[in-house]
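In what follows, a structure is listed as structure tokens, so that the remarks can point back to it.
Laboratory data are not the source of any read-out in this text; all were calculated from the coordinates shown. Given the structure is predicted, the values throughout are model-derived calculations rather than measurements. When we count neighbours, we look across all protein chains shown, and the Cβ atoms used for this are built from the backbone with ideal geometry, even at glycine.
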Amino acid sequence: MKQLKIHCSWIILVLSLSSCNSEPDLGIFEGNSDIGNVGYAGSFAFDPSDSSYVVSGGGTNMWFDSDELHYVWKKVSGDISIAADIEWVGEGVESHRKACLIIRQNLDSASVYVDAAVHGDGLTSIQYRGTPGDVTREVQANISSPGRVRIEKIGDYVSMSAAVGDESLKYSGGTFKLLFKEPFYIGLGVSAHNNDTIETAIFSNVWIEPIVQKPDSLKKIESTLETIAIASFNRRVVYHTDSHIEAPNWSPDGNTLIYNSRGQLYKIPVEGGNPELIPTGFARRINNDHGISPDGTQLVISDGTETGRSMIYSLPVEGGDPEKITSLSPSYWHGWSPDGKTLAYCAEQNGNYDVYTIPLAGGREKRLTTAEGLDDGPDYSPDGQYIYFNSVRTGVMQIWRMKADGSEQEQVTTDKYNDWFAHPSPDGRWIVYVTFGTDVPAGSHPPNKDVMLRLMNLDTKEVRVMAKLFGGQGTINVPSWSPDSEHVAFVSYRLY
């Protein structure tokens with residue numbers, strides 16, 4: 001027979017909570033119920049004296065393809081947010097017990113949902129299931145144990161904000177696309193992460209508010225530097241800013257990310273922290289086509305300071321005075337040969353953009369593509385035998401590859417979407433690329449668009465969607481694989 005594990009100081013409170021079917025006062029909510037096969041019935045109480053909600057829930061978890069929790073809810077429609085202060089009761093049995101603000105399509109255990117989850121150990125993340133019965137994925141915030149959280153749904157996008165201590169709510173990063181049919185449910189939930197116990201959380205200062213959207217012309221851009229795991233497609237926020245940042249590179253030692261912002265380069269630890277400016281001499285118009293040498297000692301940048309048209313330069317990885325490499329302009333760097341001797345890039349000559357290579361030491365530029373229209377985004381395979389690139393030669397932007405000398409050009413992707421910037425993984429098993437919808441002109445990769453990060457298995461040619469996000473130009477222009485081929489760095493955006 002199961003024995004209920006619960007802190008003795010809260011036995012009287014839990015026993016006094018009203019049953020699920022006889023709530024005398026639900027506050028701003030309409031109902032409460034257990035979801036999934038919980039071992040012990042959850043409970044709920046509203047205290048009108050301070051408008052707080054005490055929610056107790058059991059269940060194994062909210063994860064994988066089904067959920068077990070106690071949920072306090074109301075039905076809503078439209079763009080909406082819910083916010084609350086969250087306080088755990090007692091030390092708890094499991095460190096990953098979850099107190100959540102939740103939007104669900106329905107009350108089925110396998111429902112589409114998104115939540116802002118504060119775990120017992122302080123881990124804070126936005127979790128979601130995109131289709132009924134699918135696995136749960138998450139975006140981990142780079143803050144811990146917030147006192148207040150908010151989750152909001154605007155159009156088809158959901159996001160989380162959090163506040164630590166006396167700070168005001170701040171967007172935590174990691175917006176993604178998730179479809180809900182109206183009406184849907186919104187509310188509070190607790191899952192014990194252990195079906196042999198009950199856990200309790202207090203939600204106070206609870207607000208459910210409709211959101212009135214402003215025209216995009218009145219909004220500003222926010223940027224989030226993130227990493228995504230290849231095995232799970234779970235995301236983690238490294239850095240969030242209200243500045244516009246782009247195009248992360250991952251250092252060969254796995255410790256640092258480098259990105260561009262407002263014409264300059266910055267580096268930041270992969271685990272997060274404060275960005276540090278990389279000195280680049282005269283170069284003050286660096287765009288999102290930059291990278292790190294295979295041995296980690298040098299940088300290449302694409303910069304337009306000297307002539308107003310982008311050209312490619314090299315400099316030490318710690319910063320310094322750039323040395324010009326290319327003569328064609330505009331030219332935009334994209335790939336470095338594994339032996340470190342050759343650069344691949346896109347350049348324009350006589351009105352046509354093609355893929356070129358040039359020795360790092362400078363010298364003759366070699367044209368590898370001649371098709372009409374745009375050929376762009378070249379990046380080397382880890383064995384140096386191939387260069388992957390994107391080409392609009394079929395009328396739709398698709399991923400192609402060719403031998404490193406330009407021979408044997410062959411199409412890799414064949415769909416209706418516009419695929420850009422394929423980057424092979426260091427172990428040679430995958431390519432990751434960004435996909436624009438059919439609403440975007442084939443030769444264009446604009447900012448502020450609905451895009452997908454997609455992953456192709458190079459052995460089976462299976463393509464999977466890693467993430468649907470608001471991004472585009474700047475999301476994944478340059479090589480951004482971790483050296484162990486297990487993660488990819490990228491930038492997502494939000495208009496606010």
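Using a simple charge model, +1 on the beta-carbon of Lys and Arg, -1 on the beta-carbon of Asp and Glu, nothing else, what dipole does the stretch 8-210 show about its Cα centre, in debye to the nearest 20?
460 debye
Enumerate the amide H contacts of PHE176 below 5 Å, restricted to partners 5 or more residues apart or on another chain; note that Pro and chain-start residues carry no placed amide H.
Excluding prolines and chain starts, which carry no amide H, the hits are VAL158.
Just how large is the dipole of the chain about the Cα centre, in debye to the nearest 20, putting +1 at every Lys and Arg Cβ and -1 at every Asp and Glu Cβ?
On the way: 41 positive and 63 negative charges, 158 e Å.
With Lys and Arg at +1 and Asp and Glu at -1, about 760 debye.
Computed over the Cα atoms, what is the radius of gyration of the stretch 349-443 divided by 2.2 N^0.38 Å, N being its residue count? Let's see the in-between values first.
Working: Rg = 13.3 Å, N = 95, 2.2 N^0.38 = 12.4 Å.
My calculation over the Cα atoms of the stretch 349-443 gives 1.07.
Rg and Dmax of the stretch 221-322, Cα atoms, in Å?
Reported Rg and Dmax, both Å: 13.8, 45.
Ranking LEU374, LEU277, LEU343 by Cβ neighbours within 10 Å, fewest first, what do you get? List each step's numbers first, then the result.
Values: LEU374 21, LEU277 11, LEU343 27.
With the sparsest Cβ surroundings first, the list reads LEU277, LEU374, LEU343.
Between their Cα atoms, which of LYS267/LYS461; LYS75/LYS177; LYS341/LYS366; LYS75/LYS219 are more than 23 Å away from each other?
Working: LYS267/LYS461 34 Å; LYS75/LYS177 21 Å; LYS341/LYS366 14 Å; LYS75/LYS219 29 Å.
Table pairs above 23 Å Cα-Cα are LYS267/LYS461; LYS75/LYS219.
For TYR345, TYR53, what's the fewest-to-most ordering of other Cβ within 10 Å of each Cβ? Don't skip to the answer; put the middle values down first.
Numbers: TYR345 28, TYR53 22.
Least crowded to most crowded, the residues run TYR53, TYR345.
Could you list which residues have their amide H under 5 Å from that of TRP63, counting only those 5 or more apart in sequence or on another chain, with H placed in the peptide plane?
GLU68
Which of the lysines could be linked to LYS220 by a straight reach, that is with a Cα gap under 17 Å, when you skip same-chain ones fewer than 8 residues away?
LYS220 reaches LYS170, LYS449.
What whole number of Å gives the distance from the Cα centroid of the stretch 321-359 to the Cα centroid of the stretch 387-415?
18 Å
For the charge dipole of the chain, defined by +1 on Lys and Arg C-beta atoms and -1 on Asp and Glu C-beta atoms about the Cα centroid, which residue among ILE103, ALA247, SER485 has the Cα displaced farthest towards the positive pole?
It is ALA247, whose Cα lies furthest towards the positive end.
Can you sort GLU87, GLU372 by how many other beta carbons sit within 10 Å, fewest first? Please list the in-between numbers first.
Details: GLU87 15, GLU372 9.
Listed from fewest to most nearby Cβ atoms, that is GLU372, GLU87.
For the stretch 8-210, just the Cα atoms, rotate onto the principal axes and tell me the three extents in Å, largest first.
Principal axes ranked by extent give 42, 37, 30 Å for the Cα atoms.
Between GLN349 and HIS244, what FRET efficiency follows from the Cβ-Cβ distance if R0 is 22 Å, with the result rounded to 0.05?
0.15
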